[in-house]
1. Hey, what do the phi angles of segment 59-75 turn into as Karplus ³J(HN,Hα) couplings, whole Hz, using 6.51/-1.76/1.60 and θ = phi - 60°, x for Gly and Pro?
2. Using the basic label-point model (7 angstrom from Cα toward the beta carbon), what is the Ala5 to Arg128 distance in nanometres?
3. Segment 126-141 to segment 24-47: how many Å between their Cα centroids?
4. Given a cut-off of 17 Å, what percent of all Cα-Cα pairs of segment 143-227 lie beyond it?
5. What size of dipole, in debye to the nearest 20, comes out for segment 1-51 about its Cα centre when the only charges are +1 on Lys and Arg C-beta atoms and -1 on Asp and Glu C-beta atoms?
Amino acid sequence: MEEKAEVQQQLEQLKKEIHLLSVSLKQLSEQKESKYKEKDNLNQELNNYIKTAKELRDKKKEIDTKIRELKGKRQVFNKGLSEMWGKFREIKANVVPKDKSKGSPSLIQKQIEKIEFTIQTEALSFEREKKMMHQLKDLKAQLNEMKLEDAKFKELRDFKEDVKEKKVEADDIHIEIQKLATESTDIFKKLTEKSELIAKAKETREKINVDLQGLKAQISEIDDRLEKFLQQWGALTSLPVFTEQEMIPAVQKKAEQAMEKLKAKGKLTKEDILAMQGQNMKRK
């Protein structure tokens, strides 16, 4: 009887230890599951950050490439403009300011026509005709000179317009470069923010991994202790100090419940496994 009482006392103590370990194991398992969910959510978030960062990098690369191309084009325009301004100054230097006292080409043309009409229709003396012919020659030379100057002025005006058009195109390119540069800077800021979020997420994930390792170590330690208690329980319940009726409520009933749970594809606890092992050992 004393041996039976002692075994019962040991079983009660084991039952308490097993219950406490089972509760701790359940809590740790829940914590581990929660950490895995947190890690999964973090991984999804991290993947989204990385995907967005890649899209931003690709976009920035595309913009920067376009900026380089536009800068090259602007350089060609600026070089061309520099050459055009040089040529413009040369043309301008060769243009003589108009002498308004000489009148306009249309006025001189009328004078020429008047003299030619006089020569053709009037009977002039030799000296007068000679004088008018000389005057006609001077006027024609003056008219030709004016036409040449007008042609130079026209060339100067046309060339100036070409320079202005090229300048407008160069300015448009510069404005486009500034616009793209601003966009590139904005993307860089967003990319920096995403990089910081990625670094922070990776740091958090590393902490979660450390926590998981700690939880796994604790679970493994409790599993080892629980296994030892199960072995002790099995050894004690196999002692010939209990009748079959005495063991039914302590082992068989729990074992039957565990079997029902197993048939229903439920998750067995350590206590369930304990009862099934004790029942099997009893049958032997």
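Derivation of every value follows stated rules applied to the coordinates shown; laboratory data play no part. None of the values given here were measured: they were computed from a predicted structure. We place every Cβ from the backbone using ideal geometry, glycine too, and count neighbours over all the protein chains shown.
1. 5, 5, 4, 4, 5, 4, 5, 5, 4, 4, 5, 5, 5, x, 5, 5, 4
2. 17.3
3. Each part's Cα centre sits 113 Å from the other's.
4. Of all Cα-Cα distances in segment 143-227, 76 percent exceed 17 Å.
5. The calculation lands at about 400 debye.
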